[in-house]
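The values are calculated or read from the model by the stated rules, or taken from the named source; none is laboratory data. Not measured: the values here are computed from a predicted model. Reconstructed Cβ throughout: ideal geometry from the backbone, glycine too, with neighbour counts over all protein chains shown.
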Ligand code: MN
Ligand code: MN
């Protein structure tokens, strides 16, 4: 074949860059592996819709794989596996490498929270014979996507006596679901005039939860009373317990294959449990690493990485400090020699909305894991910007492992923007780059990813965790 190529074609092959389409580049066997991998991912995603559930599921998987709770003061040796559960909402786990910690660790950091509708501290109300829960949304949502959608209630209620009840309603077959109602088109003339941002008032994002009253002629707000009675009977909680609860409404139902070819996965919350799961699987598979690899599942990314379970918290730094202390190694030495894959989803080019992405610098579905040198907005504001040197290292290790990857920005230059946990890790003097899975309909109740990209992201993490240089 080569003889037939022209000089220009051969030159182009040699010196021009051409991205690979995984749908073409993947062999049948590779695609089978991607599909198999997706099965485990869909199960995880279906079970882990909020950060607490992701921590719980992951700890169970880690325990099975031989990970043990981290013991402060213990001198760990290569091959040992530890985890640290931070308040059931963020998680760290590590496999100790052969090299000393003074040579740095390999950090894979993702987040396990997703945009959703949190309940207010006083959520329960009744209006005109119907009972509702008041909400306060969490993270960046387009409000018009949430009404008339089956919702499930997830979270915990902590009672004054110190006991905690886990609540999940709306996921099992036979469970009821909940929803926000919307106007019928017949009476929506005024509503139709509003812009999308003003279509729904967040203050009226009330979740319909019941309509039957408690049978008593003298009681007031009998529907509300009846709802509280149902919750009390099932969970042993009283209305005041909502004040010490973290309850949230998320889209109900399992992760599902999308497309006649079943090449994609649709679900709530790919962002960013798709990166959490792929890094977890890579961490499990690299049992004898050269460098210690540390996987971080952070909370609160969607609201700015705040709080003691978010990436701005010192929990990762303290963990590394405690890990290194028995060897007399300062944490600054560990961090200064470390490398990080800050793993988060990026937007995929959507042919229906081509105006927001610049195709040459946008991720596309089926082109593999997306490396994002910088995110931010308004001229790279608020981003880590990976160095050329580190980008070269990343290209090399992904190339050597034959990982399908692409480069992508978060949309056109001045169209919008966003951030990830990357900058908080980079601030600790760690070489950091963003990478992850391209997503369609990001932050919607039904986000779409491709199986080829999910599998390629797992392979990228694996290459990172086992890299010897
Ligand atoms: Mn994210
Ligand atoms: Mn997000």
Practice task
Could you tell me which residue of the stretch 285-323 is nearest to the chain's Cα centre (by Cα), considering only residues that are assigned to a loop (DSSP other than H, G, I, E, B), buried (at least 17 other Cβ atoms within 10 Å of the Cβ) and within 14 Å of ligand 2 (Cβ to nearest atom)?
Solution key: 300
Completion exercise
Restricted to the stretch 439-450 and to residues being over 12 Å from the mean Cα position of the chain (by Cα), buried (at least 21 other Cβ atoms within 10 Å of the Cβ) and within 21 Å of residue 368 (Cα to Cα), the residue nearest to ligand 1 (Cβ to nearest atom) is 449
Practice task
Check the stretch 25-39 and report whether any residue there is over 20 Å from residue 275 (Cα atoms) and in contact (Cβ under 8 Å) with a residue 60 or more places away in the chain.
Solution key: yes
Exercise for the section: Tell me, yes or no, whether the stretch 449-458 has at least one residue that is modelled with pLDDT of 95 or more, assigned to a helix (DSSP H, G or I) and under 22 Å from residue 383 (Cα atoms). Expected result: yes
Handout entry: Number of positions in the stretch 409-435 that are more than 22 Å from residue 379 (Cα to Cα) and surrounded by 21 or more Cβ atoms within 10 Å (Cβ to Cβ)
Key = 1
Exercise for the section: Looking only at the stretch 202-214, decide whether some residue is modelled with pLDDT of 95 or more, in contact with a strand residue (DSSP E or B) (Cβ under 9 Å, 6 or more places away or on another chain) and within 24 Å of residue 266 (Cβ to Cβ). Expected result: yes
Exercise for the section: Considering each of 377, 444, 456 in turn, give the residue that is on the phi < 0 side of the Ramachandran plot and more than 16 Å from ligand 2 (Cβ to nearest atom). Expected result: 456
Exercise for the section: Quick one: which residue in 281, 273 is more than 20 Å from residue 426 (Cβ to Cβ), under 17 Å from the mean Cα position of the chain (by Cα) and either in a strand (DSSP E or B) or away from ligand 1 (no atom under 16 Å from the Cβ) (or both)? Expected result: 281
Problem - Filter result for the condition that a residue is within 14 Å of ligand 2 (Cβ to nearest atom) and in contact with a helix residue (DSSP H, G or I) (Cβ under 6 Å, 6 or more places away or on another chain), over 421, 430, 369 - result: 421
